[in-house]
1. Step through the residues of the range 44-60 one at a time and calculate ³J(HN,Hα) from phi using the Karplus curve (6.51 cos²θ - 1.76 cosθ + 1.60, θ = phi - 60°), rounding each to whole Hz and writing x for Gly and Pro.
2. Under 5 Å between amide hydrogens, which residues at least 5 positions from ARG218 or on another chain qualify, with H placed 1.01 Å from N in the peptide plane?
3. If amide hydrogens are placed 1.01 Å from N in the peptide plane, which non-local residues have theirs closer than 5 Å to the one on LEU140?
4. Please work out which option in (i) 58, 42, 36; (ii) 54, 41, 39; (iii) 53, 40, 34 gives Cα extents along the principal axes in Å calculated from these coordinates, and answer with its label.
5. R0 = 25 Å: FRET efficiency of ARG172 with ASN32, Cβ-based, nearest 0.05?
6. From the square roots a ≥ b ≥ c of the eigenvalues of the alpha-carbon gyration tensor of the range 64-167, which class results: rounded (a/c under 1.5), prolate (a/b over b/c), or oblate?
7. Using +1 at the Cβ of each Lys and Arg and -1 at the Cβ of each Asp and Glu in the range 1-65, identify which of ASN38, PRO13, ALA49 lies farthest towards the dipole's positive end.
8. Show the residues, 5+ positions off or on another chain, whose built amide H is closer than 5 Å to the amide H of ILE120.
Amino acid sequence: MKPTVRLATARTPDGGEMELYRHDRDFSIKINGLDLMNSRQHESELELARLGCAHLTRSKAPGILIGGLGLGYTLRQVLDMLSPHSKVVVSELMSAVVEWNRKFLGEINGRLLEDKRVEIKMGDLVTHISRSNNRFDAILLDIDNGPSAMADSGNRRLYGYEGIQACRHALRERGSLAVWATEPSKEYERLLMSCGFHVRRYRVPAYKGSKGSKSQSRFVWVASGDETILPPGGGEPRLPLQNESKGNRRRPRERH
C-alpha cells in the first residue's frame, strides 16, 4: 500500500494549519486536520463551472471571476468550456495554494496558471469584487465549505448581505452568480432573493457515479437578475409569505 505523504504546509490568516497531501495519484488539502478538498471528489467543482457558465458557451470574450483556486478543477472546466478570448480572473487569498498548483498539481489539471486567459489576483475576495463594477459575466464561488459550513469564520462576510450585493454590482446585465456548498441553506437562498436575484438550487454529485446518493451530494446555487439565463432543472426556492406559518410552508418546487 502506498503511503500518504504530506507535501507542504501553510498558515491560514486566522492561524490555522493548511496542509497538502498526496496518496498515489490523489491530492487533498486539509485545514486543521479536516478535509477541505480532495482530487477524488471533484465532480461538483466541474458542475459549478458548467452551471455558472452555461449561458456563456457562445460568447466571444466573456469575463469570469473564480473565487478560490483550490485544486484547479473549476478553472480547468471554465477554460475548456469557453472561448480562447475569454478572460478568467482567479481570486485567491492564500499564496501557498497558487504555489502548490504550480509546483505539485500540474499533473491533474495541466499548467492552468500559464494559460494566457488566466489572471491571478491575491487578497481579499470581497474587496476585489467591490472594486469590479459591471465587469463579469459570471462569478463562481468555491470558498470554504459554503455559506453554512464554514471552517474559517473570516469567510462569513462573503456570504452575507455585503458580499452578495458586491457580487450583484460586479455582474454585467445578464451575468450569473454560482455558489458551491457542501450542504443546503434556506437562509442563504432567501438572502440571495432579497438582494434581487432569481435563484435555482442544484444537487450535484461529489464524484462520478455518486449521483442519487444524498450522502455524496453537494449543492450549487445559480443566481441572476435575468431569470432567462438560469440553467434548466434544479429547485426554485421562494420567499415565505408573511402570513404563512412555519408548519404550513409548501416545499420549493423542483424542476425536472
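1. 5, 5, 5, 5, 4, 5, 4, 6, x, 10, 4, 7, 10, 5, 10, 6, 6
2. VAL204, ALA206
3. Close amide H contacts, sequence-distant or interchain: LEU65, ILE66, GLY67, ALA178.
4. Identified label for the calculated read-out: (i).
5. 0.05
6. Judged from the Cα gyration tensor, the range 64-167 comes out oblate (a/c at least 1.5, b/c at or above a/b).
7. About the Cα centre, the residue reaching furthest to the positive side is ALA49.
8. For ILE120, whose amide H was placed from the backbone, the distant partners under 5 Å are VAL90.
The numbers here are math on the coordinates, done by the rules we state, and not lab data. Predicted model only: the values in this text are computed from it and were never measured. For neighbour counting, all protein chains shown are included, and Cβ atoms are generated from backbone atoms with ideal geometry for every residue, glycine included.
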